[in-house]
Amino acid sequence: MPTKSLRPSIAETSYRFFERPLHPELFSPAVVGRIRTDRYQASLGLCQGGHYLQMTVDGKSVVEVTAPDSQVLSTYGLQQTYFFRDNEELLFESKTPVPYHFAGQVDTVEFGVFTRVQMELEREAARAFVSYQFPSPHRLLAGPLSLVQVEGSEKMLVVHTFHTFPDDLAVLRTQSLFELN
């Protein structure tokens, strides 16, 4: 009897960029991490479908979301929507209100390679800024894993995310760079 993962298929997963704040409750995050400096605030939540990242500088916010397209979000402030495709890199830049660069890529691999990558990410999760492994519906396959690594200073913030999609044997990797003047 087939079972369905909590995480939607990578084919249903989209990237969305908003030039306004969104309420975190829209995403039902499993775990949330926050960064606060004198210059900016960032909030990052890991959800079944991926993540949300909200960056606020001088009272102005931008939000990136990786989530299933079925996730209903307002179109107010929506600047970009993109569906991830196998082995295709997405690049996006925005200059306002916060200089922002995004790169994302999906890698679909063979079962043996996926298993090794999943195990490496599970080890890395202990050192990550935030991480969460969702329950697996399969007895022999690990549950979907999401983890976030951050690097930052007063002038920039770099966020790397990794999301595994066991049903698709896929890994979504993203990098977000916020540059502050």
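Where the accessible area of the chain is counted over protein heavy atoms with a 1.4 Å probe, how much of it, in %, is carbon and sulfur?
Numbers: 4810 of 9310 Å².
Percent of accessible area from carbon and sulfur atoms in the chain: 52.
With angles folded into 0 to 90 degrees, how steeply does helix 111-125 sit against the dominant principal axis of the chain? Use alpha carbons for both and round to 10.
50 degrees
What FRET efficiency do you get for Asp38 and Ala11 if R0 is 45 Å and r is their Cβ-Cβ distance, rounded to the nearest 0.05?
On the way: r = 42 Å, r/R0 = 0.93.
That pair, Asp38 with Ala11, gives E of 0.60.
Need one number: nm distance between label points at Arg173 and Thr96, each 7 Å from Cα along Cα→Cβ, rounded to one decimal.
3.4 nm
If each DSSP helix of 4+ residues adds -39,500 (n - 2.57) and the sum is divided by the residues in the chain, what number results at 222 nm, nearest 500 deg cm²/dmol?
Rounded to the nearest 500, the figure is -2500 deg cm²/dmol.
Work out the P(r) tail for segment 31-84: percent of alpha carbon pairs separated by more than 15 Å, whole number. List each step's numbers first, then the result.
Details: 750 of 1431 pairs.
When every Cα pair of segment 31-84 is considered, 52 percent fall beyond 15 Å.
Given 5 Å bins starting at zero, what is the percent of C-alpha pairs of segment 117-164 in each, up to the one with the largest pair distance?
P(r) over segment 117-164, rounded to whole percents: 5, 21, 26, 19, 12, 8, 5, 2, 1, 0.
Above 27 Å lies some portion of the pair distances; for the chain, what is it as a whole percent of all C-alpha pairs?
Summing the P(r) of the chain above 27 Å gives 23 percent of all pairs.
For segment 63-169, what is the accessible area per residue in Å², given a 1.4 Å probe and the full set of protein chains? Mind dumping the intermediate values first?
On the way: 5720 Å² over 107 residues.
Counting only protein heavy atoms, the per-residue value for segment 63-169 is 53 Å².
The values are calculated or read from the model by the stated rules, or taken from the named source; none is laboratory data. None of the values given here were measured: they were computed from a predicted structure. As a convention, Cβ positions derive from the backbone with ideal geometry for all residues, glycine included, and neighbour counts pool all protein chains shown. All accessible areas refer to the heavy atoms of the entire protein, side chains included, with ligands and DNA or RNA removed. Shrake-Rupley method; radii C 1.70, N 1.55, O 1.52, S 1.80 Å.
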